[in-house]
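This report refers to the structure that appears directly beneath it.
The values are calculated or read from the model by the stated rules, or taken from the named source; none is laboratory data. All values derive from a computational prediction rather than experimental measurement. Cβ sites come from the backbone with ideal geometry, for glycine too, and all protein chains shown count toward neighbours. Heavy atoms of the whole protein, side chains included, go into the accessibility calculation; ligands, DNA and RNA do not. Shrake-Rupley method; radii C 1.70, N 1.55, O 1.52, S 1.80 Å.
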Amino acid sequence: MLKRSVAVLFISLIWNVAGYARNQENKIFSVRAFVKSSEERNKIANAGIAIDKVFSDSVGFIGTEDEIKKIKSLGFNFKVMELPQRGFDFPSEDKAFHNHTELISALNNIAKQHSEIAQRFSIGKSLEGREIAGIRISGKAKRDSLPTAVFMGGHHAREHLSIEIPLKIAEYLANNYQTNSRIKELLDTREVVIVPMVNPDGAEYDINSDSYKYWRKNRRKNSDGTYGVDLNRNYGKGFGGAGSSSSSSSDTYHGVSAFSEPETQAVRDWVRGRKKATVLLSFHTFSELVLWPFGHTNDEVPSQVDQLVFETMGKKMATWNKYTPQKSSALYLAAGDTTDWAYDELKIFAFTFELSPDSMFSGGFYPGATAIEPTFNANIEPALYLIDKAENPYSALKEGPNDPLQLIP
Ligand code: 0X9
Ligand code: ZN
């Protein structure tokens, strides 16, 4: 007789890599849970599970034994694969990735080598006291005098590639200002502000031991002794709603209140202060998606024109990186993310990119250093487009066969 849940366990025997050790207490699994509808998908998100990848017949996530039990008790069929644990700091093959100290040096170098256009800034400190570092790049020295594009990465600890791409964008802009007239023109008329590592404590925790930990949250010590708040559930819009968990051990734990975390407070106060910010891009990994609000509800944003701008810009950016463009809620409902807040409170056209790879099976959160260059190449044109559109996002509707409703204000 068939069991209701069928668990297939593939134990990976990759123990022959020098220096790798295994943490018996915290086994981590790649889980594929089979779902038949978006309702079932949302049921999983609502169980406090951080879905990484949506397939037509299933969802993928990184889970603990407890989370596998939860999926089982909800009656889903699933299969699991135990993940090998590896590395100390970044393992040698991944040393092109920047840890926190290296990121600070890289930003300092840009500012030093291009002092006429680049300035370093900090938006605050993480819970453990690490600098949340940023860089401003513009042909005009006076802050907040030009239309501003905001880029962020590293909300989620294990998504190291999401830190490399905004850093590379900063390097690209700074390196090309003098020699590339398109870049010079853009930067002389725009301000670009970039914070590549919003969650430095989490990113460091993920790498600073003998294994990658598949860590997602920050390093808040919760009152019950568990660790971490999901920073992308801690923003104000729809806080505590669908797809966010009130259970502190969950990967999607939303925290005790909206903006309870120093990292999200820092982002909030910094973005609020950028008076000419009109566009924002928050890099995450993985799945190759271009996402826009809302994500906490299936409703569209109240303004029909704005919804069309989101859709038009999102689809346009997807023509370059070839990612799948969709409204966030079509992926799964998740309340309290950066973009819903930035649009709702500040009317900033805010996007989430889920970078490469496409799936867990092509590297997931740890795609290796060879992923950095092609992912940057795929995303530089969308980034430049976004910077261009900072001047007037509504102008997106004037291009091509869009604006069928003649809604341009
Ligand atoms: O769940 C998230 O925070 C993002 N995905 S990730 O795998 N990087 O964790 C997606 C956020 C998109 N927003 C909504 N679906 N609301
Ligand atoms: Zn993420």
Item to complete: Work out Dmax and Rg for the range 92-399 from the C-alpha atoms and quote the Rg first, both in angstrom.
Response: 17.9, 56
Worksheet entry | Highest to lowest packing among 263-271, 211-219, 157-165, 93-101, scored as the average C-beta count within 10 Å | 157-165, 211-219, 263-271, 93-101
Fill in: Cα Rg, Dmax, the range 78-136, angstrom units
16.7, 55
Item to complete: Sorted from largest down, give the three principal axis spans of the alpha carbons of the range 26-133, whole angstrom values.
Response: 59, 30, 28
Discussion item. How large is the direction-averaged shadow of the alpha-carbon convex hull of the range 70-189, in nm²?
Written reply: 11.8
Discussion item. Using all alpha carbons of the range 261-409, what is the percent of pairwise distances in each 10 Å bin, ordered from the shortest bin to the longest?
Written reply: 11, 40, 37, 12, 1
Worksheet item: Among 275-282, 230-237, 254-261, what's the highest-first ranking by average C-beta atoms within 10 angstrom per residue?
Response: 230-237, 275-282, 254-261
Discussion item. Taking the solvent-accessible surface of protein heavy atoms with a 1.4 Å probe, what is the per residue accessible area of the chain in Å²?
Written reply: 40
Discussion item. Can you list the DSSP H helices in the chain whose Cα atoms extend at least 15 Å along the helix axis and whose mean Kyte-Doolittle hydropathy is -1.0 or higher?
Written reply: 100-113, 161-176, 304-321, 372-389
Discussion item. Using alpha carbons only, how many angstrom separate the centre of the range 146-165 from the centre of the range 58-76?
Written reply: 29
Item to complete: Could you please state, rounded to a whole Å, how far the C-alpha centre of the range 342-365 is from the C-alpha centre of the range 170-216?
Response: 15
Worksheet item: So which lysines can K398 reach, going by Cα to Cα under 17 Å and dropping same-chain residues fewer than 8 places off?
Response: K315, K316, K389
Item to complete: Taking a cut-off of 28 Å between Cα atoms, list the lysines near K213, but don't count ones fewer than 8 places away on the same chain.
Response: K27, K43, K53, K69, K70, K72, K79, K95, K125, K168, K221
Worksheet item: Carbon-plus-sulfur fraction of the accessible area of the range 23-137, 1.4 Å probe, in percent?
Response: 48
